[in-house]
Amino acid sequence: MEPIGLRSERKDIVALWGLALAAFLIHGYHPYCEDAETYLPGIERVLNPHLFPVGSEYFQLHARLTWFPQLIAYPVRFLHLPLPWVLLLIQISSFFLFLLACWQLAHLLFTSRVACWAGVSLVAALFTMPVAGTALYLMDPFPNPRNIIAFAEILSIVSVIRRRYLLTVLLLLFAGGIHPLMTAFTASLCALVVAMDRIPEWLAGRGVLTELTEPIAEEQSNPALPAMIGITSVDGIFSAPTQAYDRVAAGHRYQFLVRWTWYEMLGAIAPIFLFLWFASIARARRLRSLDLLSRSMTIFIAMYFVVGLAVSIPHRLEVFSLLQPMRSLRVVYILMLLIGGGLLGEYVLRNRAWRWACLFLPLATGMCWAQRALYPATPHVEWPVAASTNSWAQAFVWSRENTPQQAIFALDPYYMNEPGEDSQGFRAIAERSRLADGTKDSGVVELFPLIGDSWNRQVQAQTGINQFSRDDFERLKNQFNVSWVVLDASPRTDIPCPYRNSAVMVCRIP
């Protein structure tokens, strides 16, 4: 069957929009949470260059490597839409485009519409499924570069299987301009598919893969090099990890394969055997595209598993973990669910509505419940028109509306881990400068080790801030020019606090 993609019938397009909206409601929407604290300030800085006079390096170093801030800022400027509404439209549109790309890939791999819908539906139902121990979802409940490029990643795989190499390169260039590192994984997979496609059929069919592993692995290392060079200097790569970097690495267990739990390790290894099984089914049914992709995936997974071990065992090579090789598992899980769901639809679900209900209703309910449990003090869907009911977010909004743009804030460096905070980002919501934190800013330090010492000083200076005396606050002001602090509502302090709610208070340092 000819892949449908952008030429899909109208009813398929409508159904995919409905599936995207369903996924949006099932998995929730939190535009200012988690990694949004790293990505959104870059957009806000494009829209208002006067924001963030201090601490901009914790998002600008990252933002300068991508087109993501400009991509979001342009609709705000030219369509004259508020940023929150643009973020909402981008989120839903990225879901739809991703599912459309998955639909096209499914039509390339399977001949049955039931299989295609089952595969795409399973992916949509499991958007916020954790990807082994990588601290990633398939798709995040907030706008970010990974969501934006997901459709281009899948379409590049479709194009390379169909031997449309120019289109593959164009899609990878688009994706690489938005998220270089994640695109490097997809580019290496595409190169691997090309290599496997050139192998004589009789050799590939006998599973003779070991002779090909070494040259392919060497070829796959190249796409990651531009991203690595853009992130850090050669001297930084080959230098031993600094004390600040060691502190960051200790809190980022997901970067090091040897620190994963046994079930996370199983989640990294098991897909190899699943794709071998998929390949055997494909050969039996003479599904060339499915066979080619499945065989390529077995080598892809094994290759990055070896690289993941290599960068996490020797201490001196830990700096190479900035390439985050195990995050290659994101595309692995997407394809695994798409193919596994397709086979499930083909052999089990078929055209029995009750079977579809028995599978997808519990899945959707469980995923929705899990996301509610992650953000218990925040609405499941944070609509732009609705005021936040989260106490921390309310304090951040007050800070945006009642303090000067040049204000510099200090908070507990691990404020995102506080009960009821729900990983709400201060910079993203308040649009004000703050000293470095120990959660999201530490991820930037891992990519840019040269700012590690500055990060460490700021984190140390704020540690224990909820028990600070007036002299401690004056020290913060003298050392870092801090003029405002956000504190838990419980401690008593002798500095003026013009805002207070049940969880937090905003205080001014005289």
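Just so you know, in segment 465-475 the residues that are in contact (Cβ under 8 Å) with a residue 24 or more places away in the chain and closer than 20 Å to E418 by Cβ include one that is surrounded by the fewest Cβ atoms within 10 Å (Cβ to Cβ), and it is Q467.
Does V307 qualify as being open to solvent by 10 Å² or more (accessible area, probe 1.4 Å), touching a helix residue (DSSP H, G or I) at 6+ places or on another chain (Cβ under 8 Å) and at pLDDT below 95?
Yes; evaluated as a whole, the condition is true for this residue.
Taking every residue in segment 416-437 that is modelled with pLDDT of 95 or more and among the aromatic types (F, W, Y) and pairing it with any residue that is surrounded by 24 or more Cβ atoms within 10 Å (Cβ to Cβ) and not in a strand (DSSP E or B), at least 6 positions away or on another chain, the pairs with Cβ-Cβ distances below 6 Å are F426/F396. In segment 28-42 there is no residue matching the filter, namely being surrounded by fewer than 18 Cβ atoms within 10 Å (Cβ to Cβ), at pLDDT 95 or above and in contact with a strand residue (DSSP E or B) (Cβ under 9 Å, 6 or more places away or on another chain).
Can you tell me how many residues in segment 482-510 are hydrophobic (A, V, I, L, M, F, W, C) and part of a strand (DSSP E or B)? Before the answer, list the steps.
We begin by selecting, within segment 482-510, every residue hydrophobic (A, V, I, L, M, F, W, C); these are 482, 484-487, 489, 495, 497, 503-507, 509.
If we keep only those that are part of a strand (DSSP E or B) as well, we get 484-487, 504-507.
Looking only at that region, the number is 8.
Taken residue by residue, segment 153-165 has at least one member that is acidic (D, E) and closer than 30 Å to G18 by Cα.
If you check P379 against the conditions, is it open to solvent by 10 Å² or more (accessible area, probe 1.4 Å) and farther than 18 Å from A36 by Cα? Considered against the rule, which asks whether it is open to solvent by 10 Å² or more (accessible area, probe 1.4 Å) and farther than 18 Å from A36 by Cα, P379 comes out as no. Scan segment 340-365 for residues that are open to solvent by 30 Å² or more (accessible area, probe 1.4 Å) and either hydroxyl-bearing (S, T, Y) or over 30 Å from D291 (Cβ atoms) (or both) and the total you get is 8. Considering segment 409-457, the residues that are in contact with a Pro (Cβ under 8 Å, 6 or more places away or on another chain) and not in a loop (DSSP other than H, G, I, E, B) include one that is most open to solvent (accessible area, probe 1.4 Å), namely P449. The set of residues from segment 480-500 being over 36 Å from the mean Cα position of the chain (by Cα) and among the basic types (K, R) comprises just one member, R492.
The values are calculated or read from the model by the stated rules, or taken from the named source; none is laboratory data. As the structure is a computational prediction, the values presented were derived from the model and not from experiment. Please note: Cβ atoms are built from the backbone with ideal geometry, for glycine as well, and neighbour counts cover all protein chains shown. Ligands, DNA and RNA are excluded from the accessible area calculation, which covers all protein heavy atoms including side chains. Shrake-Rupley method; radii C 1.70, N 1.55, O 1.52, S 1.80 Å.
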